[in-house]
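One structure is given below, encoded as structure tokens.
The values are calculated or read from the model by the stated rules, or taken from the named source; none is laboratory data. Owing to the predicted nature of the structure, the values given are computational and were not obtained by experimental measurement. With ideal geometry, Cβ positions are generated from the backbone for all residues, glycine too; neighbour counts draw on all protein chains shown.
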Amino acid sequence: MTEAEQENIRALEEKIGYRFKNQELITQALTHSSYANERKIHKIPDYERIEFLGDAVLELVSSEFLYLTYPQKPEGELTKTRASMVCEQALAFCAKDLDLGRHIRFGKGEAMAGGAHRASITSDVMEAIIGAIFLDSGIEDAKQFIHRFILSDLEEKQLFYDAKTILQERIQKSGEDVRYELLREEGPEHDKRFYTAVYRGEVLLGEGSGRNKKESEQQAAYQALVSMKKAGK
């Protein structure tokens, strides 16, 4: 491992407040298959196996959290809530708070293609980190990471995850429709950014941006809900 890669790991450890005893575990958790494939002579393990383990630990911890936090909720509602909390989009949102993409080791091609911002990758690496912590020191430290970075501020996160649905339901109550309009696209083909506005009729409710149309629409819906909340609507 190079000095730069060691510094990269130390920076992430500072962010998450956890120091790995076995550095190979966090190195594996941060290694994308494209990086491993480029170094064919010395096979380097990528995050996929450790992410498989982290996924199971996350499901257990989030299930326990919901079971204890919402004693009156039936099984069906608990299952639905858990699914929204640990889905790809939700985990990618949490990864963004850690700026996790900048810590992942990519091959040159995947790095150029914007892998550091791809939700499918950053969400998997969040789970890989959970798996790495679990293997390094057990369930309690893994649980602490999950509670701090995934299960915290759930009300605000839920608002973001379900922004389009919540906005649609609120506007339809007044007999009006929600309309999304793509304002513009910026950047090269491999690293585009989309800008979207959301309207109630002709009234602008909010604007958002993202790496694809769906993400920009969700951000616009979230900003609309935040504005409506501030206005007491």
(message) Quick check on Gly101: is it in the same structural domain as Leu30 (by TED's automatic domain parsing), over 30 Å from Met228 (Cβ atoms), in contact with a Ser or Thr (Cβ under 6 Å, 6 or more places away or on another chain) and buried (at least 18 other Cβ atoms within 10 Å of the Cβ)?
(response) yes
(message) Name the single residue that is surrounded by the most Cβ atoms within 10 Å (Cβ to Cβ) among those in the range 160-185 being acidic (Asp, Glu) and more than 11 Å from Ala220 (Cβ to Cβ).
(response) Asp162
(request) Inspect all residues belonging to the range 168-183 and state whether any of them is in contact with a Cys (Cβ under 6 Å, 6 or more places away or on another chain) and in contact (Cβ under 8 Å) with a residue 40 or more places away in the chain. (result) no
(request) Find the helices (runs of 4 or more DSSP H) located wholly in the range 12-75 whose residues include 1 or more that are in contact (Cβ under 8 Å) with a residue 60 or more places away in the chain, surrounded by fewer than 16 Cβ atoms within 10 Å (Cβ to Cβ) and touching a Ser or Thr at 6+ places or on another chain (Cβ under 8 Å), and list them. (result) 48-69
(message) If I filter the range 76-98 down to residues being of a type outside the set (Lys, Arg) and more than 14 Å from the chain's Cα centre (by Cα), which single residue comes out as surrounded by the fewest Cβ atoms within 10 Å (Cβ to Cβ)?
(response) Gly76
(message) What's the number of the only condition in (1) more than 23 Å from the chain's Cα centre (by Cα); (2) surrounded by fewer than 16 Cβ atoms within 10 Å (Cβ to Cβ); (3) farther than 20 Å from Ala83 by Cβ that Ile139 fails to meet?
(response) (1)
